[in-house]
């Protein structure tokens with residue numbers, strides 16, 4: 001079983017209802033599996049990652065984005081050092097799985 005690693009997260013911009021957070025992880029990191037209460041979008045700035053969602057492995061590379069539906073379990077594995085931006089409403093709620 002792979003070790004779960006929390007990404008480094010920082011706020012890039014925030015408005016009244018919306019927030020953009022930068023997240024980064026090192027090559028090989030497996031981020032926690034989770035789901036969110038509302039839709040969000042992940043944009044890859046640097047590196048490559050696999051988004052595990054709906055039984056599929058989706059390869060995401062720099063310049064690509066993926067809209068994650070609400071209440072959908074998903075997990076990210078960094079294939080290389082990875083940096084992305086997660087766009088979401090401020091009222092988002094996360095549920096994490098072990």
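All of the numbers you see were taken from the coordinates with simple rules; none came from a lab. Keep in mind that what you see is a predicted model, and the values were worked out from it rather than measured. Counting neighbours? That spans all protein chains shown, and the Cβs are built from the backbone with ideal geometry, glycine included.
Would you tally the residues in the range 81-97 being surrounded by fewer than 17 Cβ atoms within 10 Å (Cβ to Cβ) and either touching a strand residue (DSSP E or B) at 6+ places or on another chain (Cβ under 8 Å) or in a strand (DSSP E or B) (or both)? Full working, then the answer.
Just the residues of the range 81-97 that are surrounded by fewer than 17 Cβ atoms within 10 Å (Cβ to Cβ), to begin with: 81, 85, 89-97.
After this cut, where a residue has to be either touching a strand residue (DSSP E or B) at 6+ places or on another chain (Cβ under 8 Å) or in a strand (DSSP E or B) (or both) as well, the list is 81, 85, 89-90, 92-97.
Summing the residues that are surrounded by fewer than 17 Cβ atoms within 10 Å (Cβ to Cβ) and either touching a strand residue (DSSP E or B) at 6+ places or on another chain (Cβ under 8 Å) or in a strand (DSSP E or B) (or both) in the range 81-97 gives 10.
If we only count strands (runs of 3 or more DSSP E) wholly inside the range 1-60, which ones have 3 or more residues that are without any contact (Cβ under 8 Å) to a residue 12 or more places away in the chain? Let's see the steps before the verdict.
Details: elements: 8-14, 18-25, 34-36, 40-46, 49-53, 56-60.
The qualifying strands (runs of 3 or more DSSP E) are 56-60.
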